[in-house]
């Protein structure tokens, strides 16, 4: 073999050697990259981070609060709860409240089955607080399209003495404050303010020339409020519900303090198993003789026994603390036919 022939042989050998290395490298890279390549082609499964809960009570139609928020009435199915521990409260008039903790596992359903105990005390004692509150009397409410156990009621924002079942601490406003210059304001960073719905005599206070003095209420309002005893299939229970207060301007910058609307939106429980209740109608004495008034709307109303206890306690409190809220009179008239 000549010199030139040897050089050609060496070149061919070198190519053959590198080709072998290249083939081995390619094979190795495929083995390493194969799973990653397959993973990139196949969609990565979404990790489930929520689960469901079912609440069953005896008797049924108990109101359920999960983590302090109204969730509906039993039998109740709640979907999309975050994994981990949650608190619940079961409430039904005439029965003791029941509280507890349940755990949600990803992709699973947790069933909570409870038997409520009848209350030995006929009615709890209402708590009086002198602070801001939402007043839902005279409110006609609208059912939620996706949840027949709840309704939305538009309520006024007031400040003074009111009656509720929760403590004054639990009924404090959140994410809002009252400015002497601009009125109610929502704090920066908060989408909404929060206020609790309670009961007062405010809308029955004395009027001057058909108008309520120093109150931001419809100027055509005459103070002609009267309580009507009803026996009807359904009503809305807004007592002690947490209500949202939206911004007056929906486009206002959430990063800044902004003026609040002059009303609250309360998500209230639909009641269809307690047919005796009181409504506070703005139609005055005509309410008493109207046979359809109780079913004309889904009223924000009060359970008969609880309302009687609240009226008595509120009247007694205001009479003994006249300087706390002198604007409120001590009675709200009830239809004579239903006393």
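The values are calculated or read from the model by the stated rules, or taken from the named source; none is laboratory data. From a predicted model like this one, the values you see are computed outputs, not experimental measurements. Quick reminder, even Gly has a Cβ in these numbers, built from the backbone with ideal geometry, and neighbours come from all protein chains shown.
Listed conditions (1) surrounded by 19 or more Cβ atoms within 10 Å (Cβ to Cβ); (2) more than 30 Å from residue 274 (Cα to Cα) are all met by residue 155, apart from (2). In the range 52-70, the residue that is nearest to the chain's Cα centre (by Cα) out of those that are within 13 Å of residue 112 (Cβ to Cβ) and surrounded by 21 or more Cβ atoms within 10 Å (Cβ to Cβ) is 64.
Inclusion of residue 36 among residues that are outside any strand (DSSP E or B), out of contact with any helix residue (DSSP H, G or I) (no Cβ under 8 Å at 6 or more places or on another chain) and modelled with pLDDT of 85 or more is not warranted. Within the range 80-122, if we keep just the residues that are buried (at least 16 other Cβ atoms within 10 Å of the Cβ) and in a loop (DSSP other than H, G, I, E, B), the residue that is modelled with the lowest pLDDT turns out to be 93.
For the range 136-162, residues that are closer than 14 Å to residue 203 by Cα and part of a strand (DSSP E or B) total 8.
Every condition in (1) touching a residue at least 40 places away in the same chain (Cβ under 8 Å); (2) over 32 Å from the mean Cα position of the chain (by Cα) is met by residue 319 except one, and the failing one is (1). The number of residues in the range 296-316 being within 22 Å of the chain's Cα centre (by Cα) and free of Cβ contacts under 8 Å to residues at least 12 places away in the same chain comes to 0.
Inside the range 170-185, can you point out the residues that are in a loop (DSSP other than H, G, I, E, B) and under 18 Å from the mean Cα position of the chain (by Cα)?
Scanning the range 170-185 gives 170, 171, 172, 173, 175.
Considering only strands (runs of 3 or more DSSP E) fully contained in the range 186-274, which possess at least 2 residues that are touching a strand residue (DSSP E or B) at 6+ places or on another chain (Cβ under 6 Å), modelled with pLDDT of 80 or more and closer than 26 Å to residue 170 by Cβ? Per the criteria, 193-198, 235-237, 242-245, 263-271.
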